[in-house]
Amino acid sequence: MNFATSFGLLLLGVFLLPVLISGCLPCGRDGVPWYEARRDPTGLAPDPGNTPEAVIQVYAARAVSWRGVFSVHTWIAVKPTGVPRYTRYEVLGFGVANGAPAVRIDRTGPDNYWFGARPQIILDRRGPGVDALIEEIHAAVADYPYPHEYRAWPGPNSNTFTAYIARRVPGLGLDLPSNAVGKDFLPGGALFARTPSGSGFQFSLYGLAGALLAVDERFELNVLRLNIGVDAGVPALKLPAIGRLGLDR
């Protein structure tokens, strides 16, 4: 077996093996149909009645049905200073084909289970300066270019929305998971853009192929929306379907 063949098989394994492993991992729904799975609060968001400071949280939870093998669903929850409730922003595909908007506001609580999947907090910002970021988030949501469009692959989808908000509000410094399928779909067919964290740049061909180099995300390579990368500073690997594997920053 020559070098080219060996390298090709190794590369194929690097991209496909994590997908196979992800398909074998428990999704947390315990065999319950997704439409009957729990959607109650998890308690991850601080009680707004006892938290006067401003809060921004970004969540990720394993997507519904077969999509969960490949991707997570992400959303943003915000609470300005002194306000006793959260506002949740996200994009959903349910009903869009029948005229429902893709952008949904306060469909449920800030930290609820996502159809049985317990979310993880991928960003938590509080205190001074956060109110200004919340105002920028409000403006970015209003300007989102696909308010009535949804496509699970390659985008625009829920992760396209979250990445768009992050690029518009670089002060968030949001590093989205490598398995947030759709985050590399750049609006308007653009080929180059800042990364969602605002700390680097990326090339993307309609979200189907590309590369990313940044201080926060470090390096990612996208092939048909399967992302592999490395965070050498921690260290950690970024794997397709599975996401981050290694130490947290």
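The Cα-based radius of gyration and maximum Cα-Cα distance (Dmax) for the range 62-178 are 14.0, 42 Å.
Taking label points 7 Å from Cα along the Cα-to-Cβ direction, A132 and F94 give a separation of 3.8 nm.
Residues L20, L92, L226, L205, sorted by accessible area with the largest first, give L20, L205, L226, L92 [1.4 Å probe; ligands and nucleic acids excluded].
Positive end of the dipole of the chain (Cβ unit charges, origin at the Cα centre): among T42, I137, P156, the Cα lying farthest that way belongs to P156. Heavy-atom accessible surface of the range 36-101, averaged per residue, reaches 43 Å², computed with a 1.4 Å probe. Counting only alpha carbon atoms, the long axis of helix 158-168 and the longest principal axis of the chain meet at about 70°.
Helix 3-24 and the long axis of the chain differ in direction by around 40°, with both axes built from C-alpha atoms. Here the range 120-249 is assigned +1 on the Cβ of each Lys and Arg and -1 on the Cβ of each Asp and Glu. Its dipole about the Cα centre then comes out at about 240 debye.
Relative to the longest principal Cα axis of the chain, at what angle does helix 130-143 sit, 0 to 90 degrees, rounded to 10? It works out to around 70 degrees.
Could you state the per residue volume, in Å³, of the convex hull enclosing the Cα atoms of the range 77-117?
Values: hull volume 2.9 nm³, N = 41.
Measuring per residue, one finds 72 Å³ for the Cα hull of the range 77-117.
Every Cα-Cα pair in the range 148-199 was counted, and those over 16 Å apart are 33% of them.
With a/c under 1.5 counting as rounded, go ahead and sort the range 133-249 into rounded, prolate or oblate using the C-alpha gyration tensor (a ≥ b ≥ c being the square roots of the eigenvalues; past the cut-off, prolate if a/b is larger than b/c, else oblate).
oblate
Length available on full extension from E36 to V223: 0.36 nm per residue minus the Cα-Cα distance, which gives 63.9 nm. For the chain, the mean residue ellipticity at 222 nm estimated from helices alone is -6500 deg cm²/dmol, where every DSSP H run of n ≥ 4 contributes -39500 (n - 2.57) and the total is divided by all residues, rounded to the nearest 500. Eigen-decomposition of the gyration tensor built on the alpha-carbon atoms of the range 173-231 gives equivalent ellipsoid semi-axes of 15, 13, 9 angstrom, largest listed first. Ranked from largest to smallest solvent-accessible area, with a 1.4 Å probe on the protein heavy atoms, E53, E220 come out as E53, E220. Summarising the label geometry, the points placed 7 Å from Cα in the beta-carbon direction at L213 and F201 lie 0.9 nm from one another. Measuring between their Cα centroids, the range 199-220 and the range 116-164 lie 18 Å from each other.
On a per residue basis, the convex hull of the C-alpha atoms belonging to the chain measures out at 135 Å³. Projecting the Cα positions of P128, G93, P177 onto the charge dipole of the chain (unit charges on Cβ atoms of Lys, Arg, Asp and Glu, taken about the Cα centre) puts G93 furthest along the positive direction. Taken about its Cα centre, the chain carries a charge dipole of roughly 380 debye when the Cβ of each Lys and Arg holds +1 and the Cβ of each Asp and Glu holds -1.
The values are calculated or read from the model by the stated rules, or taken from the named source; none is laboratory data. None of these values were measured; they are calculated from a predicted model. Positions of Cβ are backbone-derived with ideal geometry, glycine not excepted, and every protein chain shown enters the neighbour counts. To get the accessible areas, we keep the full protein, side chains included, count just its heavy atoms, and leave off ligands, DNA and RNA. Shrake-Rupley method; radii C 1.70, N 1.55, O 1.52, S 1.80 Å.
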